[in-house]
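We did not get these values from a lab; they are worked out from the coordinates using the rules stated. These figures come from a predicted structure and were not determined experimentally. Reconstructed Cβ throughout: ideal geometry from the backbone, glycine too, with neighbour counts over all protein chains shown.
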Amino acid sequence: MAAERAAKVGTATALLVLVVGALVVYGIDQLSKFLVVANLTEGEVVPVLGSLLQWQFVRNPGAAFSLASGMTWIFTVLAAGVITFIVWFARRIRSIAWALVFGLLLGGVLGNLTDRLLREPSFGLGHVVDFISTPWLIPAIYNVADIAIVSSMVLFMILTIRGVGLDGTREPKRSDVATEPAAASVAPES
C-alpha cells in the first residue's frame with residue numbers, strides 16, 4: 001500500500017516536472033521568436049558577444065542545417081508523432097531526470113511544430129524561426145527549441161549510459177550481477 005502511494009507520488013511529481021519543463025521551454029521559445037520577428041529583419045546579423053554569439057534571423061524550411069528543406073510536411077508529421085508518444089508514455093515516468101528529458105523534448109518539439117503549423121508560407125509547411133548563431137562552435141543557426149531538443153538528447157544519453165531507469169533506479173553493474181548469484185547460492189548453515 002505504501003509502495004503504491006509512493007509510486008503515485010513519484011509519477012505525479014515526474015509529470016509535474018515534465019509539464020512545467022515543457023511549458024517553460026515552449027514559452028521561452030515562442031517569446032524569443034516573437035521578439036526576433038518583431039525586431040529584426042530577415043538575414044540581419046546583430047553581434048551580441050562579438051563573433052562568439054550573434055542574432056541572425058532566418059526562416060528554416062527544413063531540419064537542422066536546413067536539410068530536407070522541401071520536406072517540411074514530413075517534419076510536421078514526425079513532430080506530431082513524437083508529441084503523441086510523449087503524452088502516451090508520460091504516465092510510466094517516475095524519475096525526475098527522465099521527466100526533465102521528456103519535458104525538454106516536448107517543449108522543443110512543440111515550439112518548432114507551432115512554427116511549422118502557424119508560420120508562413122502555409123499551415124503545416126511553415127518555416128521555423130532560427131536566430132542564434134555561434135559561428136565559432138557550429139556553423140548553424142538555431143533557436144531555443146533546438147537547444148532544448150539537443151539538451152534532452154544529451155541527458156538521455158547520460159541517463160542511459162548510467163543505467164538509470166524510468167523509475168529512477170539504477171541497473172546493477174555487470175560486475176555486481178556476476179557476484180550476486182554466487183553470494184545468493186551460499187546457504188546459511190543451520
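Within a 10 angstrom radius of the beta carbon, how do Ser122, Ser151 rank from fewest other beta carbons to most?
Ser122, Ser151
Taking 0.36 nm per intervening residue step and subtracting the Cα-Cα distance, what contour gain separates Met157 from Ser51 on full extension?
Working it through step by step, the gained length comes to 35.1 nm.
Which FRET efficiency value, to the nearest 0.05, is calculated for Glu171 and Thr41 with the Förster distance at 41 angstrom and r the Cβ-Cβ distance?
It comes to 0.20.
Over all pairs of distinct alpha carbons, what does the Kirkwood formula give as the hydrodynamic radius of region 2-171, in Å?
On the way: mean 1/r = 0.0587 Å⁻¹.
Over region 2-171, the inverse of the mean reciprocal pair distance is 17.0 Å.
Hey, what do the phi angles of region 117-128 turn into as Karplus ³J(HN,Hα) couplings, whole Hz, using 6.51/-1.76/1.60 and θ = phi - 60°, x for Gly and Pro?
These are the phi-based 3J(HN,Hα) values: 7, 10, 9, 4, x, 7, 4, x, 10, x, 8, 7 Hz.
Please list, in order along region 129-144, the HN-Hα scalar couplings obtained from phi with the Karplus expression 6.51 cos²θ - 1.76 cosθ + 1.60 (θ = phi - 60°), rounded to whole Hz, x for Gly and Pro.
Computed from phi, the couplings for region 129-144 are 7, 10, 7, 8, 10, 10, x, 6, 9, 9, x, 9, 10, 9, 9, 5 Hz.
For Thr134, project a label point 7 Å along Cα to C-beta. Then give me every residue of region 40-58 with its amide nitrogen under 15 Å of that point.
Residues passing the 15 Å test: 48-56.
In terms of modelled amide H atoms, which long-range or inter-chain residues lie less than 5 Å from the amide H of Leu53?
Val48
Which ordering of Ile138, Ile83, Ile161, Ile93 is given by a fewest-first count of other beta-carbon atoms within 10 Å?
By the 10 Å Cβ count, ascending, the order reads Ile161, Ile138, Ile83, Ile93.
If neighbour count is taken as other Cβ atoms inside 10 Å, put Ser133, Ser95, Ser51 in order from fewest to most.
Fewest-to-most Cβ neighbours within 10 Å comes out as Ser51, Ser95, Ser133.
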